[in-house]
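Below you'll find the structure, written out as C-alpha cells, and then a few comments.
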Amino acid sequence: MVLVSETMLQQTQASRVAELLPPFLEMFPSIHTLASASNADVVLRWKGLGYNSRALRLRDAARAIVEHHGGVVPSTPHVLRSLPGVGPYTSAAIACFAYDVWTVVLDVNVRRVYSRWLRAQATTTDVAPEPELIALAERIIPRDAPSAWHHAVMDLGATICTARRPKCSACPLSELCPSSGTMHETVRLRRPEPIFRGEPRRLWRGRVVDVLRQAGASGMTLSALSTTVLGSDATDDEHQWLQDLYGVLERDGLVSRKGRRITLAH
DNA sequence: AATCCGGGGTA
DNA sequence: TACCCAGGATT
C-alpha cells in the first residue's frame, strides 16, 4: 500500500492521491495482482495520474518483490533502492512510513524546511547543500518517531513553509526560525517545452494514450489513431509527426503493434 | 549536468 | 490563461 501511495505521491498532490488510490487498490488489491498485471492493465488504471511509465515501473517493482523478496515489501532503504522506479526519496519514505524505520527522508518540502531552519535564506528558492541537510536531519529526527516526524515536517512544508509565498506569520516556529520574514520571492526561468500545433507535446502524448485506452484490447490501426487524434484535415507532415510520437511511446513500452493494430502494450 | 516524463491546481 | 509542480531514469 505504501509502495503504491508513495509512487503516486512522487507526482501528484496528496488530495488527488486520496481520490485515486482507493480505486487503484481495488483493482490491484495485492502485490501479486499488481505483479501479474499487463502494461495495458496498469496504464488503463493509472488514468488521471500522469507519468504512465511510472505505472509500469511500479508493476515491475511488484514483480521484483514477488520474485526476489517473498512477496513482502522490503523494509530497509538499501534493498528498496534496488527496485525499479524506487530512488533515494521513495526508498527512504517506504521504510519510514510503512515500517517506522529511522532514516533520513528528503523530498523537496523537507529540504526547503530544513534549509530555512539552518540559516537565514535570502530567497524563497535557496536550498542548503545536501550534506548539511543530512547532518541536520540526523541530529533532529527523533529516534523513536521518525514517521511522525517526517509527516509533521512535510505537512509544515506543504501548508506553511511553502515554496513561493511562505506564511511565516502563521508558522509556529517563526520566533525560532532564522529565515522567518527574510526571504524575497524569486522568479526561476524554465526552458520552453516542445510545441505542436500550439500545444505541448506531452498533451498530445496523453491524447494518444487516452484514445488507446478507449480502444481497448482490439486496438486500432495507426492511420485511424492518427486521424482520431489529429482530425481528418491533418497534413502529411502532421501525420508523420504523430507517427514519430508513436515510435517514442512504443520505445517506452506504453503501446505496441500487433500486425496492423495498435494497442496499449501487453 | 541536462532532459524527459502528465495533467491538475493556482495566481 | 499562464504558470507551477517532484522524483527517477536516461543520456
Give me, ordered by chain and number, the residues 5 or more places off A:VAL86 or on other chains with an amide H under 5 Å from its own placed amide H. none
The stretch A:195-264 - percent of accessible surface contributed by carbon and sulfur, probe 1.4 Å: 47 percent
With the 8 Å Cα cutoff and a minimum separation of six or more residues, chain A has a relative contact order in percent of 16 percent
Taking loop as defined by DSSP and a crowding limit of 16 other beta carbons within 10 Å, which GluC sites (Glu not before Pro) in the stretch A:105-205 fit? A:GLU175, A:GLU185
Whole-Hz couplings from phi, Karplus 6.51/-1.76/1.60, listed for the stretch A:257-266; x for Gly and Pro: 10, 10, x, 9, 9, 10, 9, 4, 4, 10
Where N is the number of residues in chain A, Cα Rg divided by 2.2 N^0.38 Å: 1.20
If amide H atoms are built 1.01 Å from N in the plane of the peptide, which residues on other chains or at least 5 residues away come under 5 Å of the amide H of A:ALA128? A:SER115
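If the only charges are +1 at each Lys and Arg Cβ and -1 at each Asp and Glu Cβ, what is the size of the charge dipole of the stretch A:2-99 around the Cα centre, to the nearest 20 debye?
Dipole of the stretch A:2-99, to the nearest 20 debye: 180 debye.
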Treat the stretch A:143-231 as a sphere of radius equal to its Kirkwood radius over Cα pairs and apply Stokes-Einstein at 20 °C in a medium of 1.002 mPa s; give the translational diffusion coefficient in µm²/s, rounded to a whole number. 119 µm²/s
GNM result for chain A, Cα springs below 10 Å: residue of A:PRO142, A:PRO22, A:PRO194 fluctuating most strongly: A:PRO194
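Taking all pairs of distinct Cα atoms, average 1/r, flip it, and tell me the Kirkwood hydrodynamic radius of the stretch A:1-102 in Å to one decimal place.
13.5 Å
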Candidate span helices, chain A: DSSP H, at least 18 Å along axis from Cα coords, Kyte-Doolittle average at least 0.5, result A:14-27
Relative contact order in percent for the stretch A:2-99 (Cα pairs under 8 Å, 6+ apart) equals 29 percent
Largest first, please: the extent of the C-alpha atoms of the stretch A:108-170 along each principal axis, to the nearest Å. 32, 24, 17
Quick query: amide H of A:VAL255 versus all other amide H atoms, modeled in the peptide plane; which residues come in under 5 Å with a sequence gap of 5 or more or a different chain? A:GLU250, A:ALA265
In Å², what does the accessible area per residue of chain A work out to with a 1.4 Å probe? 54 Å²
Can you run phi through the Karplus equation (6.51, -1.76, 1.60; θ = phi - 60°) for the stretch A:36-44 and list ³J(HN,Hα) in whole Hz, with x for Gly and Pro? 8, 6, 7, 3, 5, 3, 6, 5, 4
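The values are calculated or read from the model by the stated rules, or taken from the named source; none is laboratory data. The model shown is predicted, which means the values in this text are computed figures rather than measured ones. Note that each Cβ is placed from the backbone with ideal geometry, even for glycine, and that neighbours are counted across all protein chains shown. Quick note on the areas: whole protein, heavy atoms, side chains included, nothing else; ligands and nucleic acids left out. Shrake-Rupley method; radii C 1.70, N 1.55, O 1.52, S 1.80 Å.
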